[in-house]
1. State all residues of the range 355-378 that are out of contact with any Gly (no Cβ under 6 Å at 6 or more places or on another chain) and open to solvent by less than 10 Å² (accessible area, probe 1.4 Å); if no residue qualifies, say none.
2. Could you figure out which of (1) farther than 19 Å from Phe448 by Cβ; (2) in a loop (DSSP other than H, G, I, E, B); (3) at pLDDT 95 or above isn't true of Met538?
3. Would you pick out the residues in the range 240-277 that are open to solvent by 10 Å² or more (accessible area, probe 1.4 Å), hydrophobic (A, V, I, L, M, F, W, C) and more than 18 Å from Ala329 (Cα to Cα)?
4. Going by what's in this entry, would Pro143 be described as modelled with pLDDT under 95 and of a type outside the set (Asp, Glu)?
5. Looking at Val425, Val392 in this structure, which one is open to solvent by less than 40 Å² (accessible area, probe 1.4 Å) and not in a loop (DSSP other than H, G, I, E, B)?
6. For Gly406, work out the one condition from (1) among the small types (Gly, Ala, Ser); (2) in contact with a helix residue (DSSP H, G or I) (Cβ under 7 Å, 6 or more places away or on another chain); (3) open to solvent by 10 Å² or more (accessible area, probe 1.4 Å) it doesn't fulfil.
7. If a residue has to be in a loop (DSSP other than H, G, I, E, B) and under 26 Å from the mean Cα position of the chain (by Cα) to count, how many in the range 400-419 make the cut?
Amino acid sequence: SGGGGGDGGAVCLSAATLHAAPPTTLHLHRVGDNTAGEQTFAAATGTCFEANFELSSNGTQTCQPGQYEATVQTAWGRSQPFGLTLLAPQPAPAPRTLDVDADYGGDVAKALAAAAMAASSGNPVEVVLGAHSYAVSTSLTLPSFTTLRGQGQAKSQLRVDVPDNQNTFTHVLASNGTDWAVRNLSIVVHSCPAKRPVVWAQAGSSRVQILGVNITMLQRNVSNAVSLQAENFEIGWSYFAQLGVCQWPIQQSPFQSSVTLYVLQSDNGWIHDNVGRWSCAWMDFDASNRVVVENNDIECVEAGQLPHGNSISVYTWTTRPTSHFWSYARNHMRRPFNNSALNWHQRETLTTDGSGGWGLGELAHISPDRLQVDTAFDLQSAASPVAGYLLVLAGPGAGQYHTIVGFDPASNRTLQLATPLNQHVQIGKSTVAVVSSEGSKLFVGNHFNWTEVVQWYGTTMRGVMADNIISNGNVKPGGNGGAAVMTGVGECYHGAAPTFFLEYTGNTLVDSNGISMADNNGKTGEPQCGNFTGPWAMWQVARRNSLSGLAISTPGLCSTVNNTSPSSSDLVAEHNVFACPKGNLLPGGGQNIHCNHCVGR
């Protein structure tokens, strides 16, 4: 991949105008083989952002399987080495085909039961639907190594008409197996009991594909189009529509069971090129890691009050306290054109959420290798903090965080760390917190129209919002994120929830509220934070953003880049551009940054 800079005179145009990428080569050296020379491959195709290399010729792999040290060479220089494992090509066995109509008289359940027998040895099976509609009255189970394939979304349909009170109906289609897929068909739910997933990848699922599937939910209650708990998954080229009733009061539409797309404790996923239409909520991605969400078109079809927002969360932090390595890029999210305050007064368009913590205070002991510590406070949750962070909040060594890999429940204070504390951290002087491990997220190149806030809420270590466009983005005065439509919010929220190392770069905000590096400092009374009152927001930068026009939520007041607390530190706002219509107020010239070691220029 390439980056900015001018070594060698290389120029990288924007993706929209790029016709040819700079010369890019991949260099491979096999680990442990000192006799073989370096192998070099020129990129077959490439842009300034990605490149593709062919490591085979006429179907023959030119590199031997094994582990390699790799570097990428561009006109800007050579990358740092990284590891690359090449696997021997394995020809896939041809799947056995089971025709639902010809072999099983149109009975989908019988065909899937036969697939379970046929795939028991690990050989792949395809269950093929005809080009017509199938009535579904009982829950279906998809076996491992099985693909349910239709003739296309407009041709093959599973139609669900199950009474609302048929509680034995738990889902439309589910699996807890491996190597299963649903492709090229439609599922239309006219009625069924509430909170029944349509496609359900249950705990234990792995290598899952949902491709080219249309799921339309018309029932007068709430359910997930997809509920997924899986390792290695892909959801693409599909249409998910939540067109029924999102019931009120909220007890009838609990958040996670009413989102259109629910991803729980899952890793290594690709969600791409989908169309979503929702009335209750679009998504919750809970306690999951290493997921790419890109090129999706998401529209809220409810013009009135919304019960829920959309989140990348860690609500289940007591069982899996981790959420990082996310890329949310080039998606289009919108609400009804010219929506009223009723629609945008609440409910986040895109937010992180669900912070939680085991407490904070000082350290009582640090081992000589600085890999084991004893806190001076008891952890305030019975759940194990393993996979969470030990974070230095304040005092010597502030800002560093270390993944917890071991915990002694007998002492309720002893923690083993993956990496050592540096020498700055001191017993009795450094304030530390035990929190979920959350961060390393990118929100890049998205379009948001007539939406509410896009934010980092609570614990985020490293987050970038860059090259996004927000038009007519509104937040109620005094609402989310310092009344800004793009923000990060640090505070005590069921535990220490700081926002450290954030960047807002190259975003364009038109007729929208501004950008805020928010810090809700002060005592909250929550026991997980003790007497610590902040700062919660540090080491952040807002740079090269463009803010123009007026948001309808703040008539007469143009938007700014700001912070909310003088106790924050190390915040920078620079090189931002403001276009305030004549006769309206632009406070502070646009950059209102007032805190310790902070700069607005």
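1. Trp358, Gly359, Leu363, Val373, Thr375
2. Failed condition: (2).
3. Hits for the range 240-277 are Leu243, Val245, Cys246, Trp248, Ile250, Phe255, Leu264.
4. Taking the combined requirement at face value, the residue does not satisfy it.
5. Val392
6. Here Gly406 clears every test but (2).
7. Here the count works out to 3.
Residue by residue, here is whether (1) over 24 Å from the mean Cα position of the chain (by Cα); (2) under 23 Å from Ser436 (Cα atoms); (3) acidic (Asp, Glu) holds:
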site: Ser279; (1), (2), (3): no, no, no
site: Asn295; (1), (2), (3): no, no, no
site: Ile298; (1), (2), (3): no, no, no
site: Pro307; (1), (2), (3): no, no, no
site: Leu342; (1), (2), (3): yes, no, no
site: Leu363; (1), (2), (3): yes, yes, no
site: Pro368; (1), (2), (3): yes, no, no
site: Val373; (1), (2), (3): yes, yes, no
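The values are calculated or read from the model by the stated rules, or taken from the named source; none is laboratory data. Predicted, not measured: the structure shown is a model, and the values here were computed from it. Cβ: placed from backbone, ideal geometry, glycine included. Neighbour counts: every protein chain shown. To get the accessible areas, we keep the full protein, side chains included, count just its heavy atoms, and leave off ligands, DNA and RNA. Shrake-Rupley method; radii C 1.70, N 1.55, O 1.52, S 1.80 Å.
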